[in-house]
Amino acid sequence: MSASSFLKALKAEGLTVVQVGDWRDHNRDHKGPWGPVHGVMIHHTATRGSARTVEICREGYEGLPGPLCHGVITKDGRVHLVGYGRANHAGPGDDDVLRAVIAEKGLPRDNESNTDGNRHFYGFECENLGDGVDPWPAAQLEAIERAAAAICRHHGWNERSVIGHLEWQPGKVDPRGFTMASMRERIRDRLK
């Protein structure tokens with residue numbers, strides 16, 4: 001979908017969207033292809049403070065240039081668009097997981113990192129320390145559900161096209177503080 005279609009889909013799902021700078025043209029496309037895109041990946045940021053979190057996800061940090069996702073979902077439930085196209089969020093992951101996402105089947109255990117995830121996934125970074133203690137407000141969880149459902153609805157995907165970073169790349173723990181199984185149930189119910 002185009003950047004305009006992305007924005008329209010999010011708004012149509014009832015989300016409050018904040019457009020940050022030149023997000024439509026801010027990407028890492030010069031480092032490799034973006035697409036075909038097959039799913040949505042959810043992350044936590046391990047940061048505190050919405051403004052700082054959005055800035056980091058837009059600009060990146062030493063050793064990892066931004067954008068670090070397409071949208072940042074802050075604790076208040078707003079979606080801040082920081083990039084569109086290839087973004088540094090998924091990294092290398094398991095080709096068996098990608099095949100399961102494409103087939104919309106149950107996920108195998110991720111046990112290798114042999115496939116470029118930045119090419120194949122939309123990414124949402126969610127403001128949370130990721131320590132298992134920092135709360136996930138209801139507005140934020142609902143925004144994650146709505147954002148993922150918006151993309152699935154546009155592409156005709158079901159909830160199995162939505163995964164967590166921890167299901168893609170061995171050693172990753174995000175998102176921590178809710179389960180992806182429970183989030184997929186929410187997305188499934190919203191898509192009905």
Any idea how many residues of the range 1-40 are touching a helix residue (DSSP H, G or I) at 6+ places or on another chain (Cβ under 9 Å), surrounded by fewer than 14 Cβ atoms within 10 Å (Cβ to Cβ) and not hydroxyl-bearing (Ser, Thr, Tyr)?
11
Just to be sure I understand, how many residues within the range 170-191 are without any contact (Cβ under 8 Å) to a residue 24 or more places away in the chain and either basic (Lys, Arg) or closer than 20 Å to Asp110 by Cβ (or both)?
5
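The rows are residues; the columns are (1) out of contact with any helix residue (DSSP H, G or I) (no Cβ under 9 Å at 6 or more places or on another chain); (2) in contact (Cβ under 8 Å) with a residue 12 or more places away in the chain; (3) closer than 12 Å to Trp34 by Cα; (4) of a type in the set (Lys, Arg).
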site: Leu81; (1), (2), (3), (4): no, yes, no, no
site: Ala87; (1), (2), (3), (4): no, yes, yes, no
site: Gly93; (1), (2), (3), (4): no, yes, no, no
site: Val97; (1), (2), (3), (4): no, yes, no, no
site: Lys105; (1), (2), (3), (4): no, yes, no, yes
site: Pro108; (1), (2), (3), (4): no, yes, no, no
site: Ser113; (1), (2), (3), (4): yes, yes, no, no
site: Arg119; (1), (2), (3), (4): yes, yes, yes, yes
site: Glu125; (1), (2), (3), (4): no, yes, no, no
Give the residues of the range 41-52 that are farther than 18 Å from Ala147 by Cα and either open to solvent by less than 20 Å² (accessible area, probe 1.4 Å) or touching a Phe, Trp or Tyr at 6+ places or on another chain (Cβ under 8 Å) (or both), sorted by residue number.
Thr47
Report yes if some residue within the range 143-166 is under 12 Å from His43 (Cα atoms), of a type in the set (S, T, N, Q), outside any helix (DSSP H, G or I) and in contact (Cβ under 8 Å) with a residue 12 or more places away in the chain; otherwise report no.
no
Can you confirm whether the range 47-67 contains a residue that is in contact with a helix residue (DSSP H, G or I) (Cβ under 9 Å, 6 or more places away or on another chain), among the hydrophobic types (A, V, I, L, M, F, W, C) and either touching a residue at least 12 places away in the same chain (Cβ under 8 Å) or more than 27 Å from Pro135 (Cα to Cα) (or both)?
no
So for the range 88-96 (the condition being closer than 25 Å to Ala181 by Cβ, open to solvent by less than 30 Å² (accessible area, probe 1.4 Å), touching a His at 6+ places or on another chain (Cβ under 6 Å) and assigned to a strand (DSSP E or B)), does at least one residue qualify?
no
Of everything in the range 138-166, what is open to solvent by 40 Å² or more (accessible area, probe 1.4 Å) and at negative phi? Give them in sequence order.
Ala138, Ala139, Glu142, Arg146, Arg153, His154, His155, Trp157, Asn158, Arg160, Leu166
Cys69 - would you say it is in a loop (DSSP other than H, G, I, E, B), modelled with pLDDT of 95 or more and surrounded by 24 or more Cβ atoms within 10 Å (Cβ to Cβ)?
yes
Please tell me if Gly123 is part of a loop (DSSP other than H, G, I, E, B), closer than 20 Å to Ala149 by Cα, open to solvent by less than 10 Å² (accessible area, probe 1.4 Å) and not polar (S, T, N, Q).
no
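The values are calculated or read from the model by the stated rules, or taken from the named source; none is laboratory data. Predicted model only: the values in this text are computed from it and were never measured. Heads up, the Cβs are rebuilt from the backbone with ideal geometry, glycines too, and the neighbour counts pull from every protein chain shown. To get the accessible areas, we keep the full protein, side chains included, count just its heavy atoms, and leave off ligands, DNA and RNA. Shrake-Rupley method; radii C 1.70, N 1.55, O 1.52, S 1.80 Å.
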